[in-house]
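A.B. asks: Just dropping this structure here.
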Amino acid sequence: MIEKKIAIAVAETVAEVCGQTVDHRDIILQKTRKDVEGDLTLVVFPFVKAFRQSPEQVAGILGKALLEKVDDVEHYTVVKGFLNLILADRYWSGFLYNAVDQSAVEKETTQHQDRDSGHRQERDPAQHQETGPGKHQDHDPARHPVIVEYSSPNTNKPLHLGHVRNNLLGYSVACLLEAAGKKVIRANLVNDRGIHICKSMLAWLKYGKGVTPETSGKKGDKLVGDFYVKFESELRKQAGEIMEGKGVSEEEARNGAPLMQEARDLLRRWEQRDPGVVEVWKKMNGWVYEGFDATYKRMGVRFDKMYYESDTYLTGREIVLEGLRDGALYQREDGSVWADLGRYKMDGKLLLRADGTSVYMTQDIGTAQLRYEEFAPGQMIYVVGNEQDHHFKVLKLILQLLGKPYADNIHHLSYGMVELPDGRMKSREGTVVDADDLMDEMVATARRTTEELGKTHDFSEEDKEALYHTIGMGALKYFILRVDPRKNMLFNPEESIDINGNTGPFIQYSYARICSVLRKAGEPRLQEAFRMDESIRMNKKEKQLLKTLYDYDQVLAEAASEMSPAKMANYMYEVAREFNQFYHDHSILNEPDRSTSNFRLSLSQLTAHVIKTGMALLGIEVPVRM
RNA sequence: GGUUCCGUAGCUCAGCUGGAUAGAGCAACAGCCUUCUAAGCUGUGGGUCCUUGGUUCGAAUCCAAGCGGAAUCACCA
């Protein structure tokens, strides 16, 4: 790390000249602005007092000292209080050849990608994620893995745009953490019980006439969702009649409607394990899971561990009762059990109803316990929308109240809502964007655009379909992941399928172009190019691209620690843009000077590797041709 | 009403652990394909970084207050 060497040298110099000690870790070097000559910049203002000289003079003193003390510092300039350091080209090219060597030779210059030998899996995070459990067994991360929970669907409705952001975020965060060296468990908590499922069941029993996904040709989750909608519309009818007749409020009317009572009755029977009810429940949930699996598969997300609330709420109830016995919780006269959060200046939280049934919070307590017992995780990350900020705050406090050792390991990765151009999605107003429909549309657009450009005539039908999928999903994923998770985001359907500018397909296209060049170069030529060439002199674009690639490790570390795929996404765009500029201005294979041509090949090679690796951490595939 | 989050170009977003002249894309306009993929590249115009105060050599970035928006404060999940 040259930054560290420089920082130490600066600290030494300050000590020598002023007799003051500075911790080298407090000396921060930043990247030099693009419009100024230099690679690294030291802001000297913090040292002027110690030197009792002008900023320019201080910069000069430090610059001269660094020239002597640090080999790769070749030259410096001083602009006001900024000391700009220029590193030797050999430093950058050294990085390049080392990185290319480490990442191993890209073999994706042809369509046959899977003949890689295994040695590169160690270093390629995108590969690493496929290796699953069992790695790092002797290290801390394995003993205390990170559990990332995401998706968390209800089983009464199909997945929609909100789930899409959740799934993409969760999956990507898991990948980023893995790439940063953690052992990660991807978990899904399925909300498979409750009144909402009973509504779908009731509607199916009453109006379904035994229809199944097979007989209707409908995806299971869609079919069940239809019955949920059917229930709601029938309920609205009943409630409407009651309101007119009795003049009661809408809520009262809904609650009093016969359908609602039937649904509640169904829930009670479910909790009592009525065999007939349980059978319908299992059957309909089964349909939903098949539907979800198809959607997940298409979306490219997966899970290592499934949790079902129908299991975890029981554990939750036990813990709550235990807490009651221990005196951590208290019971009211009606028999309901509560957590007193008065010491945190919050209202009490109900954990068990008077009739002994449990609520959402109860179930989350149980889930946390089960995870703790099975995995002893160092951290439990919950990818859940910011509408539940309060819920997770309370969950953490209750677990503390119960004296659970894992209470502090809970982290709510809170993300903002997805809004549509005309406001929030509202199921009642039918403005919900269905996940499957959305993917269909993205792929269809990718198909249309690709066919218009007509570069894929010689593709097989199979390859074409795969390509459309890759591009369509790339557009969707990048569009969603490039914005800071914390922020609400606007989903504009028209912009999301754009493929020019700051988009997923732009980055994919850059990758495909590189592959095209590498393919043309051929294997022997690539081998020749990987040899370190000390004499190389870089031009501006080459150096700019190389410096951008150099940042990868830093960006990965930040994206992982901040759990922000957006960091990686925006960096990917920067890499692609830098490459395109370089590619536009300089010829790679047609360059007459052999060593320059070789250098550019290596540079392209590393760019391709960085793009492929980084995009994989976003869950985005890159095509070798498009 | 309390709490939390957000406010940057016409639009969508970067930049925020304090550093130089605040950046991209889209949209608009003007250029660049006999040369490795033009899904690309280059240029022009476009800013009260919500407001006011404070801290500092230096604030879009930190602090306080205000304004505007969102979420939440369920015996829903």
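The values are calculated or read from the model by the stated rules, or taken from the named source; none is laboratory data. Note that the structure is predicted; figures quoted are calculated from it, not measured. We place every Cβ from the backbone using ideal geometry, glycine too, and count neighbours over all the protein chains shown. Only protein heavy atoms, including side chains, enter the accessible area calculation; ligands, DNA and RNA are left aside. Shrake-Rupley method; radii C 1.70, N 1.55, O 1.52, S 1.80 Å.
A.B. asks: How much accessible area per residue does chain A have, counting only protein heavy atoms and a probe of 1.4 Å, in square angstrom?
C.D. replies: 47
A.B. asks: Report, to the nearest 10°, how far helix A:594-617 tilts away from the longest principal axis of the Cα atoms in chain A, using its own Cα long axis and a range of 0 to 90°.
C.D. replies: The answer is roughly 20 degrees.
A.B. asks: Positive end of the charge dipole of chain A (Lys, Arg +1 and Asp, Glu -1 on Cβ, about the Cα centre): tell me which of A:Leu617, A:Pro46, A:Leu29 has its Cα farthest that way.
C.D. replies: Most positive-ward Cα: A:Pro46.
A.B. asks: For the pairs A:Lys206/A:Lys297; A:Lys5/A:Lys31; A:Lys157/A:Lys349, flag any whose C-alpha to C-alpha distance is greater than 24 Å.
C.D. replies: A:Lys206/A:Lys297; A:Lys157/A:Lys349
A.B. asks: Which Cα, out of A:Ser595, A:Ile471, A:Gln554, lies furthest along the positive dipole direction of region A:435-617 (beta carbon charges, K/R +1, D/E -1)?
C.D. replies: Ranked along the dipole, the leading option is A:Ser595.
A.B. asks: Please report, in debye to the nearest 20, how large the charge dipole of region A:205-268 is about its Cα centre when each Lys and Arg carries +1 at its beta carbon and each Asp and Glu carries -1 there.
C.D. replies: 260
A.B. asks: Could you name the aspartates and glutamates whose alpha carbon sits less than 17 Å from that of A:Lys393, not counting residues in the same chain fewer than 8 places away?
C.D. replies: Qualifying aspartates and glutamates at Cα under 17 Å: A:Glu149, A:Asp340, A:Asp347, A:Asp364, A:Asp408.
A.B. asks: Students often forget the sequence filter, so: which lysines lie under 22 Å Cα-Cα from A:Lys183 once same-chain residues fewer than 8 apart are removed?
C.D. replies: Qualifying lysines at Cα under 22 Å: A:Lys135, A:Lys305, A:Lys567, A:Lys612.
A.B. asks: Mind checking which aspartates and glutamates have their C-alpha under 16 Å from A:Lys543, skipping anything on the same chain fewer than 8 residues away?
C.D. replies: A:Asp35, A:Glu37, A:Asp39, A:Asp72, A:Glu74, A:Asp89, A:Asp533, A:Glu534, A:Asp551, A:Glu574, A:Glu578, A:Asp585
A.B. asks: Assuming a ≥ b ≥ c are the square roots of the Cα gyration tensor eigenvalues, decide whether region A:435-617 counts as rounded (a/c under 1.5), prolate (otherwise, with a/b larger than b/c) or oblate.
C.D. replies: Oblate is the answer for region A:435-617, as a/c is 1.5 or above yet b/c matches or exceeds a/b.
A.B. asks: Give the percent of DSSP beta bridges with both residues in chain A that are antiparallel, rounded to the nearest 5.
C.D. replies: Antiparallel bridges make up about 50 percent of those DSSP assigns within chain A.
A.B. asks: How far is helix A:258-271 tilted off the main Cα axis of chain A, in degrees rounded to 10, range 0 to 90?
C.D. replies: That works out to roughly 70 degrees.
A.B. asks: Helix A:275-299 sits at what angle to the longest principal axis of chain A, using alpha carbons and giving 0 to 90 degrees rounded to 10?
C.D. replies: Orientation of helix A:275-299: about 20 degrees from the principal axis.
A.B. asks: Around A:Ile8, with a cut-off of 15 angstrom between Cβ atoms, what is the net charge of the other residues, counting Lys and Arg +1 and Asp and Glu -1?
C.D. replies: Counting the neighbours of A:Ile8, the net charge comes to -4.
A.B. asks: Just want the answer: with Cβ charges of +1 for Lys and Arg and -1 for Asp and Glu, which residue in A:Leu399, A:Ala294, A:Gln544 is farthest toward the dipole's positive end in chain A?
C.D. replies: A:Leu399
A.B. asks: Let me check I've understood the local charge: for A:Asp484, count other residues with C-beta under 15 angstrom from its C-beta, Lys and Arg +1, Asp and Glu -1. What total comes out?
C.D. replies: +2
A.B. asks: When only C-alpha pairs under 8 Å and at least 6 residues apart count, what is the relative contact order of region A:308-465, in percent?
C.D. replies: It comes to 17 percent, rounded to a whole number.
A.B. asks: Another question, if that's okay. Got a sec? What order do A:Glu333, A:Glu12 fall in by accessible area at 1.4 Å, biggest, i.e. largest, first?
C.D. replies: So the residues, ranked largest to smallest area, are A:Glu333, A:Glu12.
A.B. asks: Per the helix-only calculation at 222 nm, which mean residue ellipticity applies to chain A, given -39500 (n - 2.57) for every DSSP H run of n ≥ 4 and division by its residues, nearest 500 deg cm²/dmol?
C.D. replies: It comes out at -18000 deg cm²/dmol, rounded to the nearest 500.
A.B. asks: Using the scaling law 2.2 N^0.38 Å as the reference, what is the normalised Cα Rg of chain A?
C.D. replies: That ratio works out to 1.16.
A.B. asks: Under 8 Å for C-alpha pairs, at least 6 residues apart: give me the relative contact order for chain A, rounded to a whole percent.
C.D. replies: 15
A.B. asks: Net charge around A:Gly291, counting only other residues with Cβ within less than 12 Å of its Cβ (Lys, Arg = +1; Asp, Glu = -1)?
C.D. replies: Local charge sum for A:Gly291: 0.
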